[in-house]
1. Tally up the residues in segment 208-234 that are assigned to a helix (DSSP H, G or I) and either farther than 15 Å from Gly96 by Cα or not assigned by TED's automatic domain parsing to the domain that holds Glu80 (or both), please.
2. How many residues, within segment 202-244, are in contact with a helix residue (DSSP H, G or I) (Cβ under 6 Å, 6 or more places away or on another chain), farther than 21 Å from Pro177 by Cβ and among the acidic types (Asp, Glu)?
3. Any chance segment 156-177 includes a residue that's exposed (fewer than 13 other Cβ atoms within 10 Å of the Cβ), in the same structural domain as Gln225 (by TED's automatic domain parsing) and closer than 27 Å to Glu222 by Cα?
4. State all residues of segment 189-208 that are closer than 26 Å to Phe93 by Cβ and within 17 Å of the chain's Cα centre (by Cα); if no residue qualifies, say none.
5. With in a helix (DSSP H, G or I), farther than 19 Å from Leu350 by Cα, assigned by TED's automatic domain parsing to the domain that holds Lys338 and of a type in the set (A, V, I, L, M, F, W, C) as the only criterion, which of Leu282, Leu295 stands out?
6. Test each condition in (1) closer than 30 Å to Ile23 by Cα; (2) aliphatic (A, V, I, L, M); (3) in a helix (DSSP H, G or I) for Val170 and report the one that comes out false.
7. Name, by its number, the condition in (1) buried (at least 19 other Cβ atoms within 10 Å of the Cβ); (2) more than 28 Å from Gln260 (Cβ to Cβ) that does not hold for Leu296.
8. Is there a residue being of a type outside the set (Phe, Trp, Tyr), free of Cβ contacts under 8 Å to residues at least 40 places away in the same chain and closer than 17 Å to Glu26 by Cβ anywhere in segment 186-201?
Amino acid sequence: MDLSLLSLYNNHSSKKIDIYKQIEKELDLQQIEAGLYYKKKYFKMDQEKLSNLFPFSGILDIQKKLIDIKPEEILFLDIEALGLSFQTSNYPFLIGLGYYSEEHFVMEQYLLLDISLEITYLDYIEKYLKSYPYIATYNGKKFDLPLIKSRFYYYGKQWEENFHHFDVYVLWKRLLPNKFSGGYSQKNLENKILNFSRIDDIDGSRIPQIFYDWQKYQKYDEFQQIIQHNEWDVFNLFLLFIEALDFIKNKKETLNSKIQIAKIFYKNQFYKETIKLLQNYLPANQEEMQQKYSLLYKSYYKMMDYHNTIFYLKKLIEIHKNPKEILFLIRVLQNKLKDNKQAIQYIDLLIELLQNFPLETKNPYLQIESLKKRKKKLSLL
């Protein structure tokens with residue numbers, strides 16, 4: 001090798017090492033290896049609130065029933081990456097991890113500036129992924145976790161998804177009403193639910209370009225803002241998760257009616273809880289009234305309480321004459337209560353409704369001729 005070229009190479013390497021040392025000092029990071037950093041921070045938590053919420057035996061999504069979750073069992077995760085694609089050129093260069101331990105929320109961040117150390121970087125992350133039964137992200141089902149998974153596969157590492165994933169974005173979208181003011185971005189929920197506004201936060205769309213400037217020019221003057229941005233993402237993710245638990249457990253009505261929580265109960269087959277929640281609830285408008293009666297009649301039907309099923313179905317039909325619900329009422333009257341007289345009355349109502357407002361459906365039981373045959377058959381019994 002030409003000695004002059006070797007000299008240039010050594011100068012370049014030493015300059016990079018000097019920059020790594022500067023970054024470590026200026027950004028208050030701990031260096032694992034030259035080009036791979038680590039930071040740890042502690043946040044004091046409201047112990048009274050946490051002790052009132054945990055262990056939590058509620059329902060957090062419509063997929064699973066979760067029993068006795070403890071705060072120290074959940075890992076909160078957020079990444080900053082070079083883009084939004086899943087191409088091999090994209091990777092998460094900053095991963096923020098948060099967890100509850102000994103009355104504190106602990107934040108750990110791993111910053112990767114040298115791609116040759118990515119396998120080491122992923123080894124650190126893997127230890128956490130294997131240690132927690134629950135992982136929480138904000139919209140991470142579509143991005144954070146799939147991107148980390150793609151990097152595991154890139155290096156031939158196994159991806160063991162032995163955890164239940166909470167997507168806090170999905171959770172709040174189900175708890176809050178449709179078209180929630182300002183939308184469901186994390187920053188908007190921080191503002192509306194946590195009363196927190198980020199000051200001098202970096203625009204997330206700029207983050208990839210800042211990292212490209214590092215790769216090309218060794219510029220790192222905005223890294224501190226990226227680290228702060230990631231810290232807010234993870235810590236506020238934890239707070240939003242806690243508020244969601246509080247919202248469900250204490251059945252708060254500050255942001256939404258009980259309807260949204262009742263839907264979660266119903267989908268998880270907690271029919272008694274659904275009924276208890278809605279029985280004496282006074283809806284704010286007709287749309288909520290329809291949802292209340294719909295959830296109540298369905299819950300009673302699942303519990304095989306057909307008299308109350310009929311009671312709330314009738315109330316629903318009074319304010320919203322849906323042909324499918326009228327047909328369901330007819331079936332319950334006919335097959336469960338053997339009340340053919342009432343069934344015929346509602347057959348007449350349904351025939352009149354379909355004559356005035358024809359329904360485009362392939363359902364053979366919602367055809368006028370079919371209903372007339374049903375009426376004739378019941379009349380003969």
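1. The number of residues fulfilling the criteria is 10.
2. 1
3. No - not one qualifying residue is present in segment 156-177.
4. Hits for segment 189-208 are Leu189, Glu190.
5. On the way: Leu282 fails: in a helix (DSSP H, G or I).
Exactly one of Leu282, Leu295 is in a helix (DSSP H, G or I), farther than 19 Å from Leu350 by Cα, assigned by TED's automatic domain parsing to the domain that holds Lys338 and of a type in the set (A, V, I, L, M, F, W, C), namely Leu295.
6. If we test Val170 against (1) closer than 30 Å to Ile23 by Cα; (2) aliphatic (A, V, I, L, M); (3) in a helix (DSSP H, G or I), just (1) comes out false.
7. Among (1) buried (at least 19 other Cβ atoms within 10 Å of the Cβ); (2) more than 28 Å from Gln260 (Cβ to Cβ), the lone unmet condition for Leu296 is (2).
8. Taking segment 186-201 first, the residues of a type outside the set (Phe, Trp, Tyr) are 186-195, 197-201.
From what is left, the residues that are free of Cβ contacts under 8 Å to residues at least 40 places away in the same chain are 187-188, 191, 195, 197-201.
Within this subset, residues satisfying the condition of being closer than 17 Å to Glu26 by Cβ are none.
No: segment 186-201 contains no residue that is of a type outside the set (Phe, Trp, Tyr), free of Cβ contacts under 8 Å to residues at least 40 places away in the same chain and closer than 17 Å to Glu26 by Cβ.
The values are calculated or read from the model by the stated rules, or taken from the named source; none is laboratory data. Everything numeric in this text was worked out from a predicted model, so none of it was measured. Positions of Cβ are backbone-derived with ideal geometry, glycine not excepted, and every protein chain shown enters the neighbour counts.
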